[in-house]
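Structure first, commentary second.
Only the coordinates and a few stated rules stand behind these numbers; no lab work does. Not measured: the values here are computed from a predicted model. Note: ideal-geometry Cβ built from the backbone for every residue, glycine included; neighbour counts use all protein chains shown.
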Amino acid sequence: MWGMIRILTFFAALLIAIPASALGPTQQAPTRLYSIGDSITRAFDADLPADNLHLSWVNGTHNFLSSLLGFPNVQSHHQRVVANFGSAGVRNRIAAQNGNRVGHMVDQVEGMSGRENYVTVLLGGNDVCKDRIEELPTDEVFAYTFAEGLVALLEKLEPGATVQVAAIPDVKRLYEIGIDKRALGVVDCSLLWQATALGFPCGSMLSPENSEADREYVSQRNAGYNVIMHYLTLLGALSYPHLYVSFTDVTFTFPFTQDHVSNIDCYHPSADGQALISEGTWNAGFFSQYGKLQ
């Protein structure tokens, strides 16, 4: 399998190395956006408690009233689409659900009409973040469930549609940030995690009962799941040449800082984190040449 991954990665690198000055020959403008994901895409606790859909890295919005009220501006993919392609005919749908895992991807795909032409996928954080380490899915189970969801998605799209799959963020980096961070400037994040280790937010990594070896093991599984997603996404790109399919690992490799993590739960991305995810994934995708912002 690893030899095949190297071959596929080589060909993908060749494709990525060719700068695009416009849409691909058959590529549709990304006017019908659909996001598959979990609480990250719903911007849970990004600024105010619970969902902050206007701050979603994909679907977020920002208008005159938002500016007047001082709301953050994450410059989401939706905003970038409108800025570069206009608002005519633009659709902006979020299928992401809090707590969803890779196994829920098929369910989220079922909500599509099939006419969507830009779909983002950011799932898997809840597969890494279990109450206990022994609950993490095996690589075989993870690969099967992701492949099932990806095929369901690619089968449903019309020619010329674009799909971007983003890597699972690095939960060990989250742990390293939280050790020195305070929620609302008052409570140590480590104490908050200790109080909620089982059930929320991520006992498999953040539980105080874990050893460093435990955390390193979970980190390796985290990285391994991303390799599986990358490999299967590349296979999807080769198997569905009428679609524009890519994978980006910027959501895993970027060295997030304390400012990028929620001050409410010390776990989800903050508004700054959402903005960073938006910028990084946009610049790593097929539309990076369209850099104009509102």
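A few remarks follow.
- Here the extension length gained between L48 and D214 equals 56.5 nm, from 0.36 nm per residue of separation less the Cα-Cα distance.
- Debye-formula intensities of the range 211-294, expressed as log10 I(q)/I(0) at q = 0.15, 0.20, 0.27 Å⁻¹, are -0.76, -1.09, -1.23 (one equal scatterer per alpha-carbon, no solvent).
- Centre-to-centre separation between the Cα atoms of the range 19-90 and those of the range 236-266: 15 Å.
- Residues K292, K181, K156 arranged by fewest to most Cβ contacts within 10 Å: K292, K156, K181
- Mean separation of Cα pairs under 8 Å and 6 or more residues apart, divided by the residue count, gives the range 171-280 a relative contact order of 27 percent.
- Highest-fluctuation residue, V82, V245, V171 considered, GNM on the chain with Cα pairs under 10 Å: V82
- Normalised contact order of the chain, rounded percent, pairs of Cα under 8 Å and 6 or more residues apart: 25
- Considering the range 146-294 at the alpha-carbon level, its Rg and Dmax are found to be 17.7, 53 Å.
- Rotationally averaged projected area of the range 39-157 (alpha carbon convex hull; nm²): 8.6
- Taking 0.36 nm per residue of separation and subtracting the current Cα-Cα distance, fully stretching the chain between S113 and R182 would add 20.5 nm.
- Spin-label pair V141-T253: with each label point 7 Å from Cα along the Cα-Cβ axis, the two points sit 3.0 nm from one another.
- Where only C-alpha atoms are counted, convex hull volume of the chain per residue in Å³: 123
- Between the beta carbons of A195 and Q289, assuming R0 = 45 Å, the FRET efficiency works out to 0.45 to the nearest 0.05.
- P49 sits among other residues whose Cβ lies under 13 Å from its own Cβ, and their net charge, with Lys and Arg +1 and Asp and Glu -1, is -3.
- Its DSSP H runs of at least 4 residues, each contributing -39,500 (n - 2.57), put the calculated 222 nm mean residue ellipticity of the chain at -12000 deg cm²/dmol, to the nearest 500.
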